[in-house]
1. Filter region 78-112 down to the residues that are more than 16 Å from Ile158 (Cα to Cα) and of a type outside the set (Asp, Glu) and list them by number.
2. In the list Ile9, Ile115, which residue meets the criterion of being closer than 30 Å to Tyr157 by Cα and assigned by TED's automatic domain parsing to the domain that holds Ala143?
3. Which count do you get for residues in region 40-77 that are touching an Asp or Glu at 6+ places or on another chain (Cβ under 7 Å) and farther than 30 Å from Arg156 by Cβ?
4. Report every pair of residues separated by at least 6 positions or lying on different chains whose Cβ atoms are under 7 Å apart, first residue within region 29-58 and on the phi < 0 side of the Ramachandran plot, second loosely packed, with under 11 Cβ neighbours inside 10 Å.
5. Residue under question is Asp96, and the condition is that it be surrounded by 14 or more Cβ atoms within 10 Å (Cβ to Cβ), among the acidic types (Asp, Glu) and not assigned by TED's automatic domain parsing to the domain that holds Leu18; does it hold?
6. Quick check, is Lys133 under 22 Å from Val8 (Cβ atoms) and not aliphatic (A, V, I, L, M)?
7. Search region 62-79 for residues being in contact (Cβ under 8 Å) with a residue 24 or more places away in the chain and among the acidic types (Asp, Glu), and hand back the single one that is surrounded by the most Cβ atoms within 10 Å (Cβ to Cβ).
8. Being loosely packed, with under 14 Cβ neighbours inside 10 Å and under 26 Å from Leu18 (Cα atoms) is true for just one of Gly136, Gly118, Gly146, Gly109. Which residue is that?
Amino acid sequence: MNKVPLTVIGAEMLKHELHNLKHVQRPEIIQAISEARAQGDLSENAEYDAAKERQSFIEGRIADLEGKLSNAQIIDPAHLDADGRCVFGATVDLEDTDSGDTVTYQIVGDDEANIKQGKISISSPIARALIGKSVGDMAEVIAPGGAHEYEILDVRYI
């Protein structure tokens, strides 16, 4: 399996979710299944079916998180020295050359991406266009919404 790039914060977020699933949600769902079984006939027991479905989801997510964490390549942006280039973990200030709007994004792993928090996935079109570029460079992004051109104003590793 390939390495899964994660920032330190992203790895902690996944570890917290895994702990919650294993130590809070799993015991709760086991209790719910036990209570549903106690009601008798399982063939027409909607609570039992729902609890078993939830259990299946939880176990699948636990396996997914354990796999990602075991293959994680944890990168601390504060310890990067990329000579001002855009790399995984970097925080980048951009200016849209058409509108003049400025945006700030941090390039993170797929599981950490949250556009509302300014975190974009390493596999997104904009991150792919930025990787390897430096301050003053132009990045052309071909996205589903159309082509955009951005000037890189600043690159930070925080």
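1. Within region 78-112, the first condition is being more than 16 Å from Ile158 (Cα to Cα), and the residues that meet it are 94-103, 110-111.
Answer for region 78-112, where residues must be more than 16 Å from Ile158 (Cα to Cα) and of a type outside the set (Asp, Glu): Leu94, Thr97, Ser99, Gly100, Thr102, Val103.
2. Details: Ile9 fails: assigned by TED's automatic domain parsing to the domain that holds Ala143.
That would be Ile115, the only listed residue that is closer than 30 Å to Tyr157 by Cα and assigned by TED's automatic domain parsing to the domain that holds Ala143.
3. Number of matching residues: 0.
4. Filtered contacts from region 29-58: Asn45/Gln39.
5. Criteria met by Asp96.
6. The answer is no for Lys133.
7. For region 62-79, the residue satisfying everything is Glu66.
8. Working: Gly136 fails: under 26 Å from Leu18 (Cα atoms); Gly146 fails: under 26 Å from Leu18 (Cα atoms); Gly109 fails: loosely packed, with under 14 Cβ neighbours inside 10 Å.
Checking each option against the conditions leaves just Gly118.
The values are calculated or read from the model by the stated rules, or taken from the named source; none is laboratory data. Bear in mind the structure is a predicted one, so any value in this text is a computation, not a measurement. Reconstructed Cβ throughout: ideal geometry from the backbone, glycine too, with neighbour counts over all protein chains shown.
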